[in-house]
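Each reported figure results from applying straightforward, stated rules to the coordinates on display, with no laboratory input. From a predicted model like this one, the values you see are computed outputs, not experimental measurements. Using ideal geometry, Cβ is built from the backbone for each residue, glycine included, and neighbour counts are taken over all protein chains shown.
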Amino acid sequence: MNRFPLWKNLIVVVAVAAGLLISLPNLFGEAPAVQVGLSSGEPLTDSGIERVKQVIASQQIEGAAPYLDKGRLMVRFPSVDVQLKAADSLREVLGKDYVVALTLTPNTPAWLRAIGLRPVPLGLDLRGGVHFLFEVDISTAIKQRLDSYASDFNKLLRDNRIRRSISVTGDEVLIRLPDAADADRAEELLNDADPALDIERRVSGGSAVIVVRMTPVQIKEREDFAIQQNVTTLRNRVNELGVAEPVVQRQGVDRIVVQLPGVQDPAQAERVLGATATLEFRLVCDDANPLEVERTGRAPLGCELFQSRDGGPVVLKRRVIVTGDQLVDASQGFDQGQAIVNVRLDSKGARSMLETTRENLKKPMAVVFIEQKRETVERDGKKIEVPRVEREVINVATINGVFSNSFQITGLDTFEARDLALLLRAGALAAPVYKIEERTIGPSLGQDNIDRGIEAFLYGFLFVGLFMLIYYRVFGLIANIGLLVNVVLIVALLSLLQAALTLPGIAGIVLTIGMAVDANVLINERIREEVRNGSTPQAAISAGYDKVFSTIADANITTLIAGIVLFAFGSGPIKGFAVVLCLGIMTSMFTALTVTRAVVNLVYGGRKVERLSV
Amino acid sequence: MELFNAKSNLNFLGQRRIAAVFSTILMVGSLILLIPGVRGLNFGIDFTGGVLLELGYQGPADLPDIRARLAAGNYGDAQVQNFGTASDVMIRVLPREGLDNKVVAGQIIAVLKAGDPTVELRRTEFVGPQVGEELTEQGALAMLFAMIMIMAYIMLRFQWKFALGAIAATLHDPVITLGFFALTGLTFDLSVLAAMLAIVGYSVNDTIVVFDRIRENFRKIRRGEPEEIMNISVNETLGRTIMTSFLTMLMVIAMLLFGGETLRGFASALTIGIVIGTYSSIFVASALALSLKATAADLIPPKAEKGEGEVDSMP
């Protein structure tokens, strides 16, 4: 009696062993490091990696240990002094195409990293940093779209010689037709232009009003687009900041969370995040030799020298065909198996584009990315901030047809097309964002929080363990083993999920231990009761575990419900607590019912037992 | 070692009228305290919006001086308190009409730096008022939703009379804990809200254990009044109920003592919640089910009578 079949014992052994292995990386602490990535946010190429490694080698930095991590090169250093020195020289040599960020990296041994194991990432409240919550003004995005419709319709009806006056009020475009007889044709034209729109006609006397509204689906699409684009913009900016492991995420309907671990100056971060970028379409001066222009510094009349993103000069016309604020949408697509970027312009942009393309068929056109940044410069011995405009050509393509409000950019591979679409969106037309929450946690406070959390956990665990041992003796000891395994499993699961551990998360672990004891108390009390009622020791163990099963399941499922609700409704710190609570409930059921039982069976099972030490 | 008399037969349900009066007084008292005009909750900036600054001074902070300086700088309404140690100070200001949070924070820091230039800014938080409104709404909604889900589960596993008993016991606990927060003026922030939901889970957990035993005893002891059987069940689970509460309490007290200021609200809420939760699962939950005339027939399906020792399968 009270023997586990082999498979059950194996499950316990495997679970405990896996738990220990997965939670192992948490024991090694952190080392100062420098993270090197590309400014564009793309993964480093092999040649890029070689370059960085060479620089490190040439600087003769002692003890540097580089390894690749999520497309960035992480270089660990034995001390902060070496780290700072190395970061400075790396910045100097690598230039602006690379982002060099100071960070702390886990001291995980290479063999653990090789099998993909990492320690639990720490939340902002434990490691220090800045947290922003931005709200995207989606009503402005909708308004922009309606304005764009209004001007499109105006052009459409004008081209068809229909007299009209058009205005935008609230969420409607109102088209007044002085002659009601035009209404049928106007409606037909509008319908052809965009069949998805919600069109309604009101006739009063001799005149008619056509009301055009966006359908809920279109509004949703527009909102999603505006937010997604803002996320992209912010992510690009964060890359500029050179922060290791930043978080830029959409939260809820119209919010964006930005978390910058290790950043201590929210003002600087906000400045960069708030920078504005735009783009322009220009014709290429194809009669000029870019290298020649670069060498002499003299461009032909009406032309200007630009730098291309891939390096190398490009000479463009001074006249701008279309600016970024005339861009309505950009998306990646495929045409006959080739990657393309679909671009949509508003009517003003479309008119200009139509005229230009008509006259310049088969000529190259360039997309210029313009960014306004602020940078600190030293002037007369004082550090001041000056605005700086950065312009670069991100794409040159040949005009293959006459087009106006929508066209395609071809000649790209899939990766490039995706990035160009992102950049086009990121560069222009950001619906305004407002900061509605900001939290800054100093690094010393973060360390304090870790220390206090761990201290609370250790003392609590010590008290509980001691009491269990005194009160239930051998069974108390076994329960304590179960509790330890429980902690190991929670840490292992958190490491596996890479869910950030926060102070509320540590509180969750502490509370879970308190609640996990409950299952063991239930079992041990039940065994005592069975012994009192005259059961043999073996029967008492068996009955004790069996009878409490449904109780433990019921009790834990109700707590799990509370945990899941917390997770669903909560944000930030509450979510961290909820995750740990839910994981803890599951692991504690496993440890209380299976792990402790396996140990009990090992100790008492299959032999004659006079009395139980419970 | 054993602390509880295994043969205890205390007449808990016999005292249910006294318990009912006691609980009613606590509940009504808490609800009155929760009325904003009477005392109301001291909401943290998570809910109200505003600015929170945590400052570190070199030596013990001179709170009266800080308050005087803030009042002179037109921030007389700022809440100033020590945070953990004598040299750490937390300052909370409600949102200002027409003034950006950042400006407010800047002004406060400037005022305080004038008093002591060595003051170190350890943490700042700005929360927009709309975030707070949403949180209050979401928090209430989460509470309600959790209750409904738990009630549905208990109805599925037991029966509506027990579900009502469990929910009453469960409502009882956070309400009284909230009353405690209103009475003491402890800050009610996000972590306390999380603690409230943990209390809901914990309290139901406790109640379920008692109900499970009642169901088992209704099956086992075929004779006997429901009151008698329920009393036996409460007595049988008494050791466990108190042991579990005690052990969980050990962990929570460790948090209270060593967890630092940030966890204080959370740990205080749990401490009160556990005490009340233990009381309610002994005195309130079964008593209410009994008052609703719960009998053996409510829990035992007429045909599917199970043999002893057989394990209930999960639904």
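Report the Cα centroid-to-centroid distance between the range B:1-54 and the range A:134-194 in angstrom, as an integer.
So the separation of the two Cα centres works out to 60 Å.
Can you tell me the 0 to 90 degree angle between the C-alpha axis of helix B:129-157 and the longest principal axis of chain B, rounded to 10?
10
Relative contact order for chain A: what is it in percent, counting Cα pairs under 8 Å that are at least 6 residues apart?
Answer for chain A is 16 percent.
Under the rule of at least 5 residues apart or a separate chain, name every residue whose amide H is placed under 5 Å from the amide H of A:Ile340.
Excluding prolines and chain starts, which carry no amide H, the hits are A:Gly333, A:Phe334, A:Asp335.
Taking the inverse of the average 1/r across all pairs of different Cα atoms in the range B:178-295, what Kirkwood radius in Å do you get?
Numbers: mean 1/r = 0.0647 Å⁻¹.
The Cα-based Kirkwood calculation yields 15.5 Å.
Taking 0.36 nm per residue of separation and subtracting the Cα-Cα distance, what length does fully extending A:Asp224 through A:Leu10 add?
Values: separation 214, 0.36 × 214 = 77.04 nm, distance 4.89 nm.
Length gained, A:Asp224 through A:Leu10: 72.2 nm.
List the residues, sorted by chain then number, that are 5 or more residues from A:Lys435 or on another chain and whose placed amide H is less than 5 Å from its amide H.
A:Glu135
Taking GluC sites (Glu not before Pro) that fall in a DSSP loop and have at most 11 other Cβ atoms within 10 Å as cut points, what is the longest piece of chain A between them?
Working: sites that count: A:Glu62, A:Glu610.
Value returned for the longest uninterrupted segment is A:63-609.
Work out the mean other chain Cβ neighbour count within 10 Å for the residues of A:308-314 and drop it here as an integer. Please list the in-between numbers first.
On the way: counts 0, 0, 0, 0, 0, 0, 0.
Mean shielding count: 0.
Based on Cβ point charges of +1 for Lys and Arg and -1 for Asp and Glu, what charge dipole magnitude is obtained for the protein assembly as shown about its Cα centre, in debye rounded to the nearest 20? Walk me through the intermediate numbers first.
Working: 92 positive and 100 negative charges, 322 e Å.
I would put it at about 1540 debye.
Using the alpha-carbon atoms, what tilt in degrees (0 to 90, nearest 10) does helix A:347-359 show relative to the longest principal axis of chain A?
60
Spelling out what I want: for every residue of the range A:397-407, take phi, set θ = phi - 60°, compute 6.51 cos²θ - 1.76 cosθ + 1.60 (Karplus), and round to whole Hz; glycine and proline get x.
The phi angles translate into 9, 8, 6, 9, x, 8, 9, 10, 7, 9, 8 Hz.
Using the C-alpha atoms of chain A, what convex hull volume per residue, in cubic angstrom, is computed?
Working: hull volume 137.5 nm³, N = 614.
Value for chain A: 224 Å³ per residue.
What distance in nm separates the simple spin-label points at A:Ser207 and A:Leu84, each placed 7 Å from Cα in the Cβ direction?
That separation, rounded to one decimal, is 7.3 nm.
Per-residue Cβ counts within 10 Å, from other chains only, averaged over A:502-510: what number is that? Present the calculation step by step, with values, prior to reporting the outcome.
On the way: counts 0, 6, 7, 0, 3, 13, 3, 1, 11.
Partner Cβ neighbours, averaged per residue: 5.
Give the separation of the Cα centroids, the range A:566-605 to the range B:169-188, in Å.
Using only Cα atoms to place each centre, the spacing works out to 27 Å.
Summarise the partner chain shielding of A:440-447 as one whole number: the mean count of Cβ atoms from other chains within 10 Å of each residue's Cβ. Present the calculation step by step, with values, prior to reporting the outcome.
Values: counts 9, 5, 7, 1, 4, 7, 2, 0.
Taking all residues of A:440-447 together, the mean is 4.
Taking chain A as a whole, which cysteines find no other cysteine Cβ under 4.7 angstrom from their Cβ?
A:Cys582
What relative contact order, as a whole-number percentage, does chain B give when Cα pairs under 8 Å and 6 or more residues apart are counted?
On the way: 419 pairs, mean separation 77.1, N = 315.
Reported as a whole number, the value is 24 percent.
Would you mind putting B:56-62, A:504-510, B:125-131, B:148-154 in packing order, based on average other-beta-carbon counts within 10 Å, highest first? Walk me through the intermediate numbers first.
Numbers: B:56-62: 14.7, A:504-510: 28.3, B:125-131: 20.0, B:148-154: 18.4.
In descending order of packing, they fall as A:504-510, B:125-131, B:148-154, B:56-62.
Which percent of the Cα-Cα distances in chain B go past 23 Å? Could the numbers behind the result be given before it?
Values: 31644 of 49455 pairs.
The share of Cα pairs beyond 23 Å in chain B comes to 64 percent.
What do you get for the angle between helix A:443-497 and the principal long axis of chain A? Use alpha-carbon atoms, 0 to 90 degrees, nearest ten.
30
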